[in-house]
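A.B. asks: Right, I'll just put the structure down here and ask away after.
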């Protein structure tokens, strides 16, 4: 008897690989014997570029990593730089950060659900999900002037205060979102085709997930209750009331249910953040008044020579953190997103290392599809929820 296998390249130009990802599949008929993800087709080099930019100049780069959740990326870099400097943003600025990053999580999960449904063959959900994403992008536009690459957070606070009427708009979105999540589940959860394509497909045990370093909805879908907002709180998350959803058997269906429930929990957190911002007063501080690290308000720059000097020095040279290192991670929509910064005392980091969840989670693909059919590879890739801008950073 002679046995032969076939090697099939899926991607890097393939819509279901969600970007320029190439997967080398070794097949026996339609059964996958081995799947090897091959990355590096974007060549962005963001970590190296950061060595030639000030800390503030690197913030717009983070928008281009996970471009579906730019505010989360902004937050992780700013928190790491603040840890390096030994400063903390005002309480109101932290509440605004929580509000906007939770809206980012809702938007990112909506994009995931819509595109994953199209991969499986369900077109209608895509339009429903992008309806909500459009509302979040409009909020981005109102607060920062950009729909996707917001670059709104700054070391020490925010680039500017939130505009009048933003909280009312966010409240309207938060009030409407639970009914929309119900619509998604009505369309999909009991759909026989959806269940057949996801249940018991691409399983990942809790043991394998931990061994592979998987985080986020992937890890929680495997039954591990780990969320940095609970275990290592930042931005005052320990004062917010929310639940951490987990799956039972770690298949693609569990990961779907976890993300839909996370949409509901993020809606809860956003509602609490809106109330907190109102309690703190809409005219409260949106950034620190330490002008060694933070730009003075534009009104003061026009009237105060000292403020003008601080403005010039920060814009022209940046700020000078002490020699040292700092690592800060947040619970991004795709998992643990961490920035490790090493300072040599100059305005530019000596080294910036990004712990990107898409990059780490992608290595679980081989374990999920071994012994499965080729069609299940599409489901597995979609259920990981990767963005290649973050993988090839």
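The values are calculated or read from the model by the stated rules, or taken from the named source; none is laboratory data. A quick note: this is a predicted structure, and the numbers were derived from the prediction, not measured. Cβ: placed from backbone, ideal geometry, glycine included. Neighbour counts: every protein chain shown.
A.B. asks: Can residue 271 be described as modelled with pLDDT under 95 and either outside any loop (DSSP other than H, G, I, E, B) or surrounded by 15 or more Cβ atoms within 10 Å (Cβ to Cβ) (or both)?
C.D. replies: No, not satisfied.
A.B. asks: With the condition being closer than 23 Å to residue 121 by Cα, over 23 Å from the mean Cα position of the chain (by Cα) and free of Cβ contacts under 8 Å to residues at least 60 places away in the same chain, I'd like the helices (runs of 4 or more DSSP H) fully within region 171-256 carrying at least 3 qualifying residues.
C.D. replies: Because the criterion is at least 3 residues that are closer than 23 Å to residue 121 by Cα, over 23 Å from the mean Cα position of the chain (by Cα) and free of Cβ contacts under 8 Å to residues at least 60 places away in the same chain, the helices (runs of 4 or more DSSP H) in region 171-256 that meet it are 192-198.
A.B. asks: Among the residues of region 290-341, what is the count of those that are touching a helix residue (DSSP H, G or I) at 6+ places or on another chain (Cβ under 7 Å), in a loop (DSSP other than H, G, I, E, B) and at negative phi?
C.D. replies: 7
A.B. asks: Would you mind finding the one in 312, 319 that is touching a residue at least 12 places away in the same chain (Cβ under 8 Å) and either surrounded by fewer than 17 Cβ atoms within 10 Å (Cβ to Cβ) or closer than 15 Å to residue 86 by Cα (or both)?
C.D. replies: Going through 312, 319 in turn, the sole match is 319.
A.B. asks: In region 53-95, what residues are assigned to a helix (DSSP H, G or I), touching a strand residue (DSSP E or B) at 6+ places or on another chain (Cβ under 6 Å) and either farther than 20 Å from residue 346 by Cα or without any contact (Cβ under 8 Å) to a residue 12 or more places away in the chain (or both)?
C.D. replies: 72, 74, 75, 76, 93
A.B. asks: Being in contact (Cβ under 8 Å) with a residue 40 or more places away in the chain and out of contact with any helix residue (DSSP H, G or I) (no Cβ under 6 Å at 6 or more places or on another chain) is the filter here, so list the residues in region 144-157 that pass it.
C.D. replies: Those that are in contact (Cβ under 8 Å) with a residue 40 or more places away in the chain and out of contact with any helix residue (DSSP H, G or I) (no Cβ under 6 Å at 6 or more places or on another chain): 148, 154, 156.
A.B. asks: Is it the case that region 361-381 has a residue that's surrounded by 24 or more Cβ atoms within 10 Å (Cβ to Cβ), under 12 Å from the mean Cα position of the chain (by Cα) and assigned to a helix (DSSP H, G or I)?
C.D. replies: no
A.B. asks: Being within 20 Å of residue 47 (Cα to Cα) and outside any helix (DSSP H, G or I) is the filter here; which residues of region 382-393 pass it?
C.D. replies: Within region 382-393, 386, 387, 392, 393 qualify.
A.B. asks: Could you say which residue among 21, 33 is at pLDDT 90 or above and buried (at least 18 other Cβ atoms within 10 Å of the Cβ)?
C.D. replies: 21
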